[in-house]
Structure formats: structure tokens, C-alpha cells
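Written below as C-alpha cells is the structure these notes are about.
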Amino acid sequence: MRPETPSEQERESTCQAHVERYLSHIAVERRLSPNTVSSYRHDLASLLEGLGIQEITAQDATPEHIRQVVIRIRKQGLSAASLARHLSSWRGFYTFAVHRLGYPNNPCAGFKGPKVRRKLPQTLTPDACTQLLDSRASPAQIEDDSLLARDRAMFELLYSAGVRLSELTGLNLHDVDLKDGQARVTGKGSKSRIVPIGSCTVRAIKAWLPWRDIIRNGSDEKALFLNRRGGRLTQRSVQLRLDTWA
């Protein structure tokens, strides 16, 4: 390995500063949650480390350099889902860097990651489970990972916590206490009750929340479950999503 020159050290320091600017952007301007920002930080650290091994900076990286980083972290046992998340974080950083920092291009643009095996919701009624096992829905129908995460969390609440459809769509973010494993739902006559939510449901909601932050895009929407435009889901929308799975 050739000795490192001061100019290389300076460029690496600049790349790290660029990452910090991006993390500040998603935390302050896009108002993503601290947990989401932490995930981005971890993913981007893997990127810089992999590029550093190749003696290349983020600003000078090409698609081939990105491919080598992917190969490296995949050999470390990273799952397909985690790798897809890494690539999403890297694309976001480079999109920001091209528009705000003068990077020449986005080496992750058009980069195809591994196919993520899509799992069905884990807790369903026997009838619903039978319907989904007989599913003919295509990946295009199930759509992207954000909807998958949202749907799983919704179905967990519907079937394992026993909430009504109207109660589900009426839930706000502050109604759910993930630490204590419970949710406050409002039913007929505006009567509220506390329902327990199990560990699977808690995990499903936690997996949805980072996507919720992205879809919300800085708005003050309070609903737990959002549509693509960042608004509250309607009962009809939930029924249509269940039909998509079935």
C-alpha cells in the first residue's frame, strides 16, 4: 500500500464532513427520527470504510467501487434486506451530494441490489392466513418496502391485538407505547381502551416507523399509519391493502 499523503487525508476528512452535513440535513430539514439518523450514520460509515480500503474517496467513487463495497460487506454476512437498506442510504447521500455539494455524479444511481425475499405478515387469523398462503399477488402488487413494513404492522395490530378497523385508522403515533407494549384505541362512542400489543407487533411497528418518518417528510401528521402522500389512511385503504395481499 502506498503511503498516505496529506492531500488524501484532507480529502477523506472532507468526505466525512460531507456525511455529517447530510446527516444534519435529514435530522433538521427532513426531521427524521434519531434512530433513523443513527441507521443512516452506520450505513454511511460502512460505505466510507469500504471506499477507504480501495483508496478512493466518496467524491471520486464509481459504480465499480460501490460494487466492491457491496461484495465486501456481503461477505461479512449482511442479509439481503440489510444490504438493500445500506444501498438506499448511500443513494440518499449521493443524491444530496450531487445537488448540494457539487459531486459529479451518483455512483449508486441505477445500482441494483439483491432481491429481498418478502415475507407474509406473521400473525393472522386462520382464514386470512389461508388466503395469503394461496396468494397470487405479484411483487409489483405488493410494491415497495415501505408499504410492506406498514402493512405488516397494521395486520399485526388488527389480528393479534384485536383492534377494529376504525380503531386502527384512528390511531395516532402517541397512542402507542412500545416500551410498555400497549396501545390506546378509541372505539364507538369515543370510548377509549388500552389493548396489549405483543413483541411481534412491537417489532413490526418499530420497523415501520423509519419509513413513516420518510413518508411524513416533515409534516405534523399525527396518524400512526400513513398513505403515500403522508396523510392518514382510511378504512377503505386498509381493506384494499388486505385485498392486495389476498
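The values are calculated or read from the model by the stated rules, or taken from the named source; none is laboratory data. None of these values were measured; they are calculated from a predicted model. Note that we place each Cβ from the backbone using ideal geometry, even for glycine, and neighbour counts take in every protein chain shown.
Overview of values
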item: Enumeration of residues in segment 70-109 that are in a loop (DSSP other than H, G, I, E, B) and surrounded by 15 or more Cβ atoms within 10 Å (Cβ to Cβ); result: Leu78, Leu101, Tyr103, Asn106, Pro107, Cys108
item: Count of segment 187-240 residues which are more than 19 Å from Leu165 (Cα to Cα) and among the polar types (S, T, N, Q); result: 3
item: Residue match in segment 207-218 (condition: farther than 22 Å from Val37 by Cβ, surrounded by 15 or more Cβ atoms within 10 Å (Cβ to Cβ) and outside the structural domain of Ser38 (by TED's automatic domain parsing)); result: no
item: All helices (runs of 4 or more DSSP H) inside segment 153-246 with 1 or more residues being at pLDDT 85 or above, under 22 Å from Ile26 (Cα atoms) and not basic (Lys, Arg); result: 199-216
item: Residue identified as part of a helix (DSSP H, G or I), in contact with a Leu (Cβ under 6 Å, 6 or more places away or on another chain) and at pLDDT 90 or above among His18, His42; result: His18
